[in-house]
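Chemist: The structure follows.
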Amino acid sequence: MIRAWLSEWYKCRKSGSLWALLAAPLIGLGGGIISSMEMMERIKGVNQWYIPMFGTNLVYGLLFLPLITGVWAGLVCRYEHQAGGWKQLLAAPVTRGQVFIAKYTVIMLLVFIMQLLYLVALYAVGKIQQFTDPFPLDIVWKSVIGGWVAVFPLAALQLWMSMMWKSFAAPFAVNVIFTMPSILVINSDRFGPYYPWAQPFSMMYIGGSQEDVFFIPWGQLITVVGGSFVVFFLAGYIYFQRKAV
């Protein structure tokens, strides 16, 4: 299992795709500075650190995070779709289950690193803007960790699609098609809490009262995320076990 994981990490490094990790802090830094400059005078009585979160979460949590997860899923399967790569990989002393889990954990590790860099960018925004309010720890556990947990089912689904289709563009196009409606779905009390592509935004949203527009009970969020993760992960795992190579 360790060798399978190291092999996947090595392929990611050699592909030159790790530069995409910098996209998260750039979005956080640029969006945070712009939003804090525009909203500082209009929003009163709120911890200053929340302001860049409000400004960047709509773009980062709602659009960028689900999309970049699909990119990572496509990249970890790219080599195997070329020149009989699946046959070569599965001819090694490694089980299909180990390969699937290794690829999935690499995706989640990359997303976690990206979340940490996003946190660093937000902290840099506060220092640049010279915030005087105390740094709220709930940004760490709710926005960073919560957003990462919300990606678990999406990563499993997108890995499943990336293993199914040889074309990198096909699963990414499907991901885009289902990500874009999230802008409208999050405003729906009926569909918003259950739409997988809206979960990263919902779990990164820092509003906590029931009067908030996008408020969803945490218990419901965890149930939806956990349930969809089990379904997508098992479906992808079973598909890969039966996949003809």
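The values are calculated or read from the model by the stated rules, or taken from the named source; none is laboratory data. This one's a predicted model, so the numbers in the text were calculated from it and none came from an experiment. Note: ideal-geometry Cβ built from the backbone for every residue, glycine included; neighbour counts use all protein chains shown. For accessibility, only protein heavy atoms count, side chains too; no ligands or nucleic acids. Shrake-Rupley method; radii C 1.70, N 1.55, O 1.52, S 1.80 Å.
Chemist: Return the total of residues in the range 187-210 being under 25 Å from TRP49 (Cα atoms) and open to solvent by 20 Å² or more (accessible area, probe 1.4 Å).
Modeler: First, the residues of the range 187-210 that are under 25 Å from TRP49 (Cα atoms): 187, 198-210.
Filter again for open to solvent by 20 Å² or more (accessible area, probe 1.4 Å), leaving 187, 205-206, 208-210.
Residues meeting the conditions: 6.
Chemist: Among the residues of the range 127-149, is any under 19 Å from LEU21 (Cβ atoms) and touching a Pro at 6+ places or on another chain (Cβ under 6 Å)?
Modeler: yes
Chemist: If a residue has to be assigned to a helix (DSSP H, G or I) and aromatic (Phe, Trp, Tyr) to count, how many in the range 114-134 make the cut?
Modeler: Start the filter on the range 114-134 by keeping residues that are assigned to a helix (DSSP H, G or I), which leaves 114-129.
Narrowing the set further to residues that are aromatic (Phe, Trp, Tyr) leaves 118, 123.
So the answer is 2.
Chemist: If we keep just the residues of the range 123-156 that are surrounded by fewer than 24 Cβ atoms within 10 Å (Cβ to Cβ) and among the aliphatic types (A, V, I, L, M), which is farthest from GLY97 (Cα to Cα)? Lay out the reasoning, then the answer.
Modeler: As a first pass, look at the range 123-156 and keep what is surrounded by fewer than 24 Cβ atoms within 10 Å (Cβ to Cβ): 123-124, 126-142, 144-145, 148-149, 152-153.
Then drop every residue that is not among the aliphatic types (A, V, I, L, M), which leaves 124, 128, 137, 139-140, 144-145, 149.
Numbers: ALA124: 41, ILE128: 47, LEU137: 37, ILE139: 35, VAL140: 32, VAL144: 29, ILE145: 26, VAL149: 22 Å.
The residue in question is ILE128.
Chemist: Then there's this: Return a yes/no flag: does the range 157-167 have any residue that is without any contact (Cβ under 8 Å) to a residue 12 or more places away in the chain, in contact with a helix residue (DSSP H, G or I) (Cβ under 7 Å, 6 or more places away or on another chain) and either open to solvent by less than 60 Å² (accessible area, probe 1.4 Å) or not small (Gly, Ala, Ser) (or both).
Modeler: Yes, the range 157-167 contains at least one residue that is without any contact (Cβ under 8 Å) to a residue 12 or more places away in the chain, in contact with a helix residue (DSSP H, G or I) (Cβ under 7 Å, 6 or more places away or on another chain) and either open to solvent by less than 60 Å² (accessible area, probe 1.4 Å) or not small (Gly, Ala, Ser) (or both).
Chemist: If a residue must be under 15 Å from the mean Cα position of the chain (by Cα) and open to solvent by less than 10 Å² (accessible area, probe 1.4 Å), how many such residues does the range 109-122 contain? First the steps, then the outcome.
Modeler: Residues of the range 109-122 under 15 Å from the mean Cα position of the chain (by Cα): 109-119.
From the residues that got through so far, the ones that are open to solvent by less than 10 Å² (accessible area, probe 1.4 Å) too are 110-111, 114-115, 118.
Residues that pass the stated criteria total 5.
Chemist: Continuing with the same structure: If you check PHE135 against the conditions, is it among the aromatic types (Phe, Trp, Tyr) and farther than 29 Å from PHE178 by Cβ? Even if it seems obvious, please write down each step before you answer.
Modeler: Working: among the aromatic types (Phe, Trp, Tyr): yes; farther than 29 Å from PHE178 by Cβ: yes.
The answer is yes for PHE135.
Chemist: Let me ask another. Tell me yes or no: at least one residue of the range 137-144 is within 21 Å of MET204 (Cα to Cα), of a type outside the set (Ser, Thr, Tyr) and not in a helix (DSSP H, G or I).
Modeler: Applying the first criterion (within 21 Å of MET204 (Cα to Cα)) to the range 137-144 yields 137-144.
Those still in the list that are of a type outside the set (Ser, Thr, Tyr) too: 137-142, 144.
Filter again for not in a helix (DSSP H, G or I), leaving 137.
Scanning the range 137-144 turns up at least one residue that is within 21 Å of MET204 (Cα to Cα), of a type outside the set (Ser, Thr, Tyr) and not in a helix (DSSP H, G or I).
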